[in-house]
1. Output the qualifying pairs, or none if there are none: Cβ atoms under 8 angstrom, residues six or more apart or on different chains, first residue in the stretch 151-173 and within 15 Å of Ile204 (Cβ to Cβ), second residue in a helix (DSSP H, G or I) and of a type in the set (Val, Ile, Thr).
2. Would you list the helices (runs of 4 or more DSSP H) that sit entirely within the stretch 89-208 and hold 2 or more residues that are open to solvent by less than 50 Å² (accessible area, probe 1.4 Å) and either in contact with a strand residue (DSSP E or B) (Cβ under 9 Å, 6 or more places away or on another chain) or under 30 Å from Leu242 (Cβ atoms) (or both)?
3. Pull out all pairs, ordered by first then second residue, where Cβ-Cβ is under 7 Å, the residues are six or more apart or on different chains, the first lies in the stretch 324-340 and is farther than 16 Å from Asp239 by Cβ, and the second is at pLDDT below 90 and open to solvent by 50 Å² or more (accessible area, probe 1.4 Å).
4. Counting only residues that are touching an Asp or Glu at 6+ places or on another chain (Cβ under 8 Å) and of a type outside the set (Phe, Trp, Tyr), which one in the stretch 351-362 is least open to solvent (accessible area, probe 1.4 Å)?
5. So if I check each of Lys320, Lys301, which one is in contact with a strand residue (DSSP E or B) (Cβ under 9 Å, 6 or more places away or on another chain) and at pLDDT 95 or above?
6. Please specify each residue of the stretch 222-233 satisfying the condition of being free of Cβ contacts under 8 Å to residues at least 60 places away in the same chain and surrounded by 14 or more Cβ atoms within 10 Å (Cβ to Cβ).
Amino acid sequence: GDVYKRQVVGVGVSNPVLQWVLPPFIGFLTVLAIFKVIAAFVHRKVDVYYKYRAGDLRLALWERLNARLGLCLGFLNALAYLVLIAMVFYPLTYWTIQLTSANEDSRLVRLANRLGRDLQQTSMARVARAIDPMPDIFYKAADLAGLLYHNPLLEARLSRYPPFLTLAEKPEFQVIGQDKSFTEARLRGAPLREILGNPNVAAIVKNPDQLRMLWGMIEPDLDDLVKFLHEGKSPKYSDPILGRWQFDVNAAIAAYRIAKTNITPTEMRMVKTVYTTGFSKLALVCFPDRQLVLKGFPDVKLPQQSGQLPTIETRNVQGKWKRTGEEYELSLTGLGTRKARLESGRLVFHGEAMPIVFLPED
């Protein structure tokens, strides 16, 4: 299979589904051609022998035997062809049915879907699956593709799957999320060819390195990913800090007011201004490899004279996280180590001059 797959890639087929489907089809045609050539050669030898060397009696016996067995062998041959054809077309039609878009599909796709449904109705699909060389993960990947294709709103949940958090930081995937034409096409159930024809999507689909990278992320966690899409929870990546967190302005202001009970109204207005202007874009992303990025972290410079507003500059800070009992220790580059704790679903930083409170991304 790997040899055929390399040959398929070598002739310019980059579609991952075709790379899976074409190898057994090529193998089937290759074996069929070999047997056809051998059979034609043997038949010619036998025919020449009985016609010109065996005599009239043995020729007559051979022709009678050939006539009586021919019908039975023909039925067996037809049955063998039917099973082999079903084995070849079943994997392909499994994908086309999963990704069908009703009347907008091409005639070729509709024909393939009709063939696939006929295989199911006649129970030939069970026969094809019994001798099918394709691995189970091939069909699990098709189920995943169909689930996402027919439920475009699941893409938001997909982007929150912990191993995929790093993808959202890559420009080539960010531009897809910001592409209005792609979003509109997904919401109206556009056919797959239109979606794959989107320039931003095509740039990834036609890049073998990108596809290998994506499949390398999906394959080890395929079952866990499907469960996450259905239930919103990952049994494998269960640490509650994993994911994206957005700064909660109101909760931070309330925490500041509790910590500073004797604050004056003027100071409180300044604090609110700092929070709403400087911290409004603050976000935290924690990855499964214990890396993190703190986005939009504000450097607040207090005014030297009363009545002036503080100046605020934001920057992204890289770091690492680890769990220590009930708390999390976040090592932030250039900012030292911070302690954080989950309180009522919020992630609260402790020991800060200005309390920092995060809410998980919806």
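1. Between residues of the stretch 151-173 that are within 15 Å of Ile204 (Cβ to Cβ) and residues that are in a helix (DSSP H, G or I) and of a type in the set (Val, Ile, Thr), the close pairs are Glu172/Ile204; Phe173/Ile204.
2. Values: elements: 107-121, 124-131, 136-150, 154-158, 171-177, 180-187, 192-196, 199-205.
Answer list for the stretch 89-208: 136-150, 154-158, 171-177, 180-187, 199-205.
3. So the pair list comes out as Lys339/His350; Lys339/Gly351.
4. Let us first name the residues in the stretch 351-362 that are touching an Asp or Glu at 6+ places or on another chain (Cβ under 8 Å), namely 357-359.
Still in the running and of a type outside the set (Phe, Trp, Tyr): 357, 359.
Values: Val357: 5, Leu359: 67 Å².
Applying the filter and picking the extreme gives Val357.
5. Numbers: Lys301 fails: at pLDDT 95 or above.
Selected residue: Lys320, the only one of Lys320, Lys301 that is in contact with a strand residue (DSSP E or B) (Cβ under 9 Å, 6 or more places away or on another chain) and at pLDDT 95 or above.
6. Selection gives Asp224, Lys227.
Residue-by-condition table, conditions (1) at positive phi; (2) part of a strand (DSSP E or B); (3) touching a helix residue (DSSP H, G or I) at 6+ places or on another chain (Cβ under 8 Å); (4) free of Cβ contacts under 8 Å to residues at least 60 places away in the same chain:
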{"residue": "Ile263", "(1), (2), (3), (4)": "no, no, yes, yes"}
{"residue": "Thr276", "(1), (2), (3), (4)": "no, no, yes, yes"}
{"residue": "Val317", "(1), (2), (3), (4)": "no, yes, no, yes"}
{"residue": "Leu347", "(1), (2), (3), (4)": "no, yes, no, no"}
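Conditions (1) more than 15 Å from Glu352 (Cα to Cα); (2) acidic (Asp, Glu); (3) surrounded by fewer than 18 Cβ atoms within 10 Å (Cβ to Cβ), marked per residue:
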{"site": "Pro235", "(1), (2), (3)": "yes, no, yes"}
{"site": "Ile241", "(1), (2), (3)": "yes, no, no"}
{"site": "Ala259", "(1), (2), (3)": "no, no, yes"}
{"site": "Thr273", "(1), (2), (3)": "yes, no, yes"}
{"site": "Thr277", "(1), (2), (3)": "yes, no, yes"}
{"site": "Leu284", "(1), (2), (3)": "yes, no, no"}
{"site": "Gly296", "(1), (2), (3)": "yes, no, yes"}
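The values are calculated or read from the model by the stated rules, or taken from the named source; none is laboratory data. What you are looking at is a predicted structure, and each value in this text was computed from that prediction instead of being measured. Methodologically, a virtual Cβ is constructed for each residue, glycine included, from the backbone with ideal geometry; neighbour enumeration extends over all protein chains shown. What goes into the accessible areas is simple: the full protein's heavy atoms, side chains included, and nothing from ligands, DNA or RNA. Shrake-Rupley method; radii C 1.70, N 1.55, O 1.52, S 1.80 Å.
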